[in-house]
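Report on one structure; see the data block that follows.
The values are calculated or read from the model by the stated rules, or taken from the named source; none is laboratory data. The shown structure was predicted, so the numbers you read here are calculated from the model rather than taken from an experiment. For neighbour counting, all protein chains shown are included, and Cβ atoms are generated from backbone atoms with ideal geometry for every residue, glycine included.
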Amino acid sequence: MAEIRISKNLINNEILVLSLQGQLKVDTIDYFIQKAFTLFDEMGDKKLFVIFNCENLSFVCSKGIGTIISIHDKIKEKKGELCLCNLPPSVYKTFELLEIFDIIPYFKYEEQAINHFNQRFDIELKQINAQTSVFNLSGFLNMEAVNKVHKSIMGHVEESKIQNVVVNCAQLKTVYSRGFGILLSIHDTLKSMNKKICLTNLSKNLYETFDMFEIFEIIPYFATETEALQKIEA
C-alpha cells in the first residue's frame with residue numbers, strides 16, 4: 001500500500017504548515033484525515049490557518065480531492081482558512097481542470113502562502129445592545145479586505161437597524177489607501193441614514209497616519225472603547 005506522510009511545521013505559533021508526501025488515494029485517505037485532524041486538535045481553540053505543502057505529493061485521486069475540499073469547508077466553518085502550495089505539475093493540472101483554486105487559494109511557493117496569512121485581515125462583530133455594535137478589526141486592511149469591511153458593517157446595519165457603529169482598531173496592523181477610503185465611504189453612507197460611526201484604539205503609528213490624513217475631522221475618534229460607547233450613545 002502506498003503511504004501518505006504528513007510532517008508539521010508551526011510558524012509564529014499560529015500558521016500550521018503540513019507537508020504531504022506520497023499518494024492521496026482511497027487506501028490512504030482515512031489515515032490522512034485522522035492525522036490531519038489530530039494536528040488540528042493540537043492547536044486548541046485557535047483559529048486554524050493551514051497550509052498544505054504538496055511538493056512531494058505525487059498523486060491525488062478524485063476522492064482525495066473531495067477530502068481536501070471537505071477539510072477546507074470544515075476549517076472555514078470555524079473562521080479559519082486552508083491554502084495549498086507547491087503542487088507538482090501533473091497534480092496542479094488536475095486541480096486547475098476541476099477549478100479547485102476557485103475554492104481553495106493556491107500559491108506557488110510556501111513563502112507566498114505564509115505571507116498571505118501574515119497579512120490576513122479579520123473583522124468580528126460584537127453587538128452591545130439594540131442601538132450599538134462594535135466591529136473589531138485585526139490584521140491588514142488592504143485592497144482585498146475592503147469589500148469584507150463594507151459587507152460586514154453595512155450588511156449588519158441594514159439587517160439589525162442599529163444606529164451606532166464603533167470600529168475598534170486595537171488589533172489593526174496596517175491600513176492601505178483603499179482602507180481609508182472604505183471607512184470614509186461607510187461614514188458618509190451612515191451619515192445619510194442619520195446613523196453614527198466612530199473609531200477607537202488605534203496604535204500610535206496608525207493614529208499618526210489617520211491624523212496626517214485628517215480622518216478625525218470626519219470620523220470621530222476616542223482613545224478607548226468605553227469612551228467611544230459613552231460618547232456615541234450620548
### Message
For Ala130, only one of the following conditions fails: (1) assigned to a helix (DSSP H, G or I); (2) over 16 Å from the mean Cα position of the chain (by Cα). What is its number?
### Response
(1)
#### Entry: Residues being surrounded by fewer than 17 Cβ atoms within 10 Å (Cβ to Cβ) and of a type in the set (Phe, Trp, Tyr) - total across region 94-112
2
### Query
Restricting attention to region 58-93, which residues are modelled with pLDDT of 95 or more, surrounded by fewer than 16 Cβ atoms within 10 Å (Cβ to Cβ) and touching a strand residue (DSSP E or B) at 6+ places or on another chain (Cβ under 8 Å)?
Pro88
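If you scan region 165-181, which residues turn out to be surrounded by fewer than 20 Cβ atoms within 10 Å (Cβ to Cβ) and modelled with pLDDT of 95 or more? Full working, then the answer.
So the first thing to find is which residues in region 165-181 are surrounded by fewer than 20 Cβ atoms within 10 Å (Cβ to Cβ), and the list is 170-171, 173-174, 176-178, 180-181.
Scanning region 165-181 gives Ala170, Phe180, Gly181.
Tally the residues that are surrounded by fewer than 16 Cβ atoms within 10 Å (Cβ to Cβ) and either of a type in the set (Ser, Thr, Tyr) or in contact with an Asp or Glu (Cβ under 7 Å, 6 or more places away or on another chain) (or both), restricting the search to region 153-164. Spell out the reasoning first.
Within region 153-164, the first condition is being surrounded by fewer than 16 Cβ atoms within 10 Å (Cβ to Cβ), and the residues that meet it are 155, 158-161.
Among the residues that remain, those that are also either of a type in the set (Ser, Thr, Tyr) or in contact with an Asp or Glu (Cβ under 7 Å, 6 or more places away or on another chain) (or both) are: 160.
So the answer is 1.
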### Summary
Going through (1) over 25 Å from the mean Cα position of the chain (by Cα); (2) surrounded by 15 or more Cβ atoms within 10 Å (Cβ to Cβ); (3) part of a helix (DSSP H, G or I) one by one, Phe40 fails only at (1)
### Task
Scan region 124-140 residue by residue and report those that are surrounded by 17 or more Cβ atoms within 10 Å (Cβ to Cβ) and either touching a residue at least 40 places away in the same chain (Cβ under 8 Å) or not assigned by TED's automatic domain parsing to the domain that holds Lys173 (or both).
Thr132, Val134
### Message
Please go through region 201-234 and give me each residue that is part of a helix (DSSP H, G or I) and either of a type in the set (Phe, Trp, Tyr) or farther than 24 Å from Gln127 by Cα (or both), ordered by number.
### Response
Lys204, Asn205, Leu206, Tyr207, Glu208, Thr209, Phe210, Asp211, Met212, Ile215, Phe216, Glu217
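Check Lys93, Lys78, Lys108 and return the single one that is of a type in the set (Lys, Arg), within 18 Å of the chain's Cα centre (by Cα) and more than 22 Å from Val175 (Cβ to Cβ). Can you show your working first?
Values: Lys93 fails: within 18 Å of the chain's Cα centre (by Cα); Lys108 fails: within 18 Å of the chain's Cα centre (by Cα).
After ruling out the rest, the residue left standing is Lys78.
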